[in-house]
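S.K.: Below you will find the structure I want to go over with you.
The values are calculated or read from the model by the stated rules, or taken from the named source; none is laboratory data. Source: prediction; values computed, not measured. Cβ sites come from the backbone with ideal geometry, for glycine too, and all protein chains shown count toward neighbours. Keep in mind that these areas ignore ligands, DNA and RNA; they rest on the heavy atoms of the full protein, side chains included. Shrake-Rupley method; radii C 1.70, N 1.55, O 1.52, S 1.80 Å.
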Amino acid sequence: MKSQKVGEGYCLGIESTADDFSVGIATFKGEILANIIDAYIPPEGGIHPREAARHHAEVADKVIEEAFKTAGIKPKDLTVVAFSQGPGLGPCLRTGATVARTLASYLRVPLVGVNHCVAHIEIGKLKTGAVDPVTLYVSGGNTIVAAFDAGRYRVFGETLDIALGNCLDVFAREAGLRQKAGEPFGAVVEKLAKSGKRLVPLPYTVKGMDMSFSGLLTAAIKALREGGYKLEDLCYSLQETAFSMVVEVTERALAHTEKREVLLTGGVAANKRLQEMVRAIAEEHNAKFCTVPSEYAIDNGAMIAWTGVLAFTHGAITPIEESFVRLRWRLEEVEVPWMG
Ligand code: ATP
Ligand code: FE2
């Protein structure tokens, strides 16, 4: 194994929890030298984990090569290899883990398993300058409000069923909306919602600090099928209702923790209306609003590389025999010694 001084070195990070296969390269000082993302686009419908995993295995070589080329470094320059160990879809995670183990063994460098949710928060902080925020992480598979407390990121609230992004995607598919190449369904809903004027009553479900979107989705689809509503109004109402739920929970976490920053991340963070609503509660609580640039808000390898740096420089190494994937690895199970 190579020895390395803290402050010097390169970490390659592999992200493969769901439909994206991505490789990032970060320096120990926090520069992101590469962030190559190759998305699996299913022919129709949602993600089929095994099909996505096959895609990841097919593109892995090419994506890794492109990352080295973009970063301008060679494989032998690496100090450590990090990979997304969970949570996520089994076949997808296992493909990324296999690639990471192979690379680390071949190069004789240590391996570090990274929690995907911790990584979203860490790259968000790196890219926005936030230090200790309340984070709202909203994507196709996750809806989490979290903040640091006593050595770990604690989950203050989360979805009890489907994720916010998934709710928007399923509605868009049911409505037969069309995407341009590479355009997410959430963005299509956002565009239509801009022309919506009438608020259609839809179920708003916050239980304690947790949220539920499945009743909302069912009601929105029912309204769509029954007819009598403009699609623009339904998109607008779906957004207003769902966003109000996540914003209510974020605001309560902010009031409770008295943190001075709010970090908005995940694929849904690209939504301008959501940004506006989160910004408003941040301002009310004298907190700084930080939204993560899209390239680093969606699933990306750079976040795994950077969190790999933080973990490795604080003593974390994952021996190969402990590098099994963790499909349900919760955020608060992870110690984050680099905070505080
Ligand atoms: P994760 O594995 O973290 O759950 P993911 O695989 O869902 O992530 P992301 O790219 O983080 O991937 O998020 C995708 C989600 O973001 C989709 O549900 C998509 O519709 C949604 N999204 C993207 N752009 C927008 C937008 N402008 N408005 C609302 N939702 C959006
Ligand atoms: Fe993610």
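S.K.: With a 1.4 Å probe and every protein chain left in place, work out the accessible area per residue of region 1-153 in Å², rounded to a whole number.
M.R.: Accessible surface, normalised per residue, equals 40 Å².
S.K.: Region 228-321: which trypsin sites (Lys or Arg not before Pro) are DSSP loop and have at most 16 other beta-carbon atoms within 10 angstrom?
M.R.: Listed in order of number, the matching sites are 230, 260.
S.K.: Moving on. Along the Cα-to-C-beta direction of residue 330, a point sits 7 Å from the Cα; which residues of region 135-156 have their amide N less than 13 Å from that point?
M.R.: 153-156
S.K.: Sticking with this one: If you count the DSSP beta bridges with both ends in the chain, what percent of them are antiparallel, to the nearest 5?
M.R.: Around 60 percent of the beta bridges assigned by DSSP in the chain are antiparallel ones.
S.K.: Show the residues, 5+ positions off or on another chain, whose built amide H is closer than 5 Å to the amide H of residue 148.
M.R.: The answer is 154.
S.K.: Right, something else. Please report, in Å, the Rg and the Dmax of region 132-296, where both are computed over Cα atoms only.
M.R.: Spelled out, the Cα radius of gyration and Dmax of region 132-296 are 15.5, 52 Å.
S.K.: Next question, about the same structure. Roughly how many percent of the accessible protein surface of region 139-264 is carbon and sulfur, given a 1.4 Å probe and a whole-percent answer?
M.R.: Carbon and sulfur atoms account for 50 percent of the accessible area of region 139-264.
S.K.: At residue 105 and residue 232, where each label point lies 7 Å from the Cα along Cα→Cβ, what is the point-to-point distance in nanometres?
M.R.: Distance between label points: 5.9 nm.
S.K.: Under a point spin-label approximation (7 Å from Cα along Cα-to-Cβ), what is the residue 66-residue 177 distance to one decimal in nm?
M.R.: 2.6
S.K.: Hey, another quick one. Would you mind listing how long the chain runs along its three principal axes, going by Cα atoms, in whole Å with the largest first?
M.R.: The Cα atoms of the chain stretch 66, 46, 31 Å along their principal axes.
S.K.: Quick check on the chain: helices-only [θ] at 222 nm, where DSSP H runs of length 4 and up contribute -39,500 (n - 2.57) each and the sum goes over total residues. Nearest 500, please.
M.R.: For the chain, the value works out to -13500 deg cm²/dmol.
S.K.: Provide the per-residue ³J(HN,Hα) series for region 190-197, in order, calculated from phi with Karplus coefficients 6.51, -1.76, 1.60 and θ = phi - 60°, each as a whole number of Hz, with x at glycine and proline positions.
M.R.: Values per residue, Gly and Pro as x: 4, 4, 5, 4, 4, 8, x, 10 Hz.
S.K.: Could I ask something else about it? Order of 297-310, 113-126 by packing, highest average Cβ count within 10 Å first?
M.R.: Working: 297-310: 29.6, 113-126: 26.1.
Highest-to-lowest ranking by the protection proxy: 297-310, 113-126.
S.K.: Across region 61-72, in residue order, what do the Karplus-derived ³J(HN,Hα) couplings come to in whole Hz, using 6.51 cos²θ - 1.76 cosθ + 1.60 with θ = phi - 60° and x for Gly and Pro?
M.R.: 3, 4, 5, 5, 4, 5, 5, 4, 4, 5, 6, x
S.K.: So, one more: Checking the cross-link filter: which lysines have an alpha carbon closer than 30 Å to that of residue 180, excluding same-chain neighbours under 8 positions apart?
M.R.: Output for residue 180: 62, 69, 127, 191, 194, 197, 222, 230, 272.
S.K.: Dipole size in debye (nearest 20) for region 132-296 around its Cα centre, Lys and Arg Cβ +1, Asp and Glu Cβ -1?
M.R.: Here the size comes out at about 420 debye.
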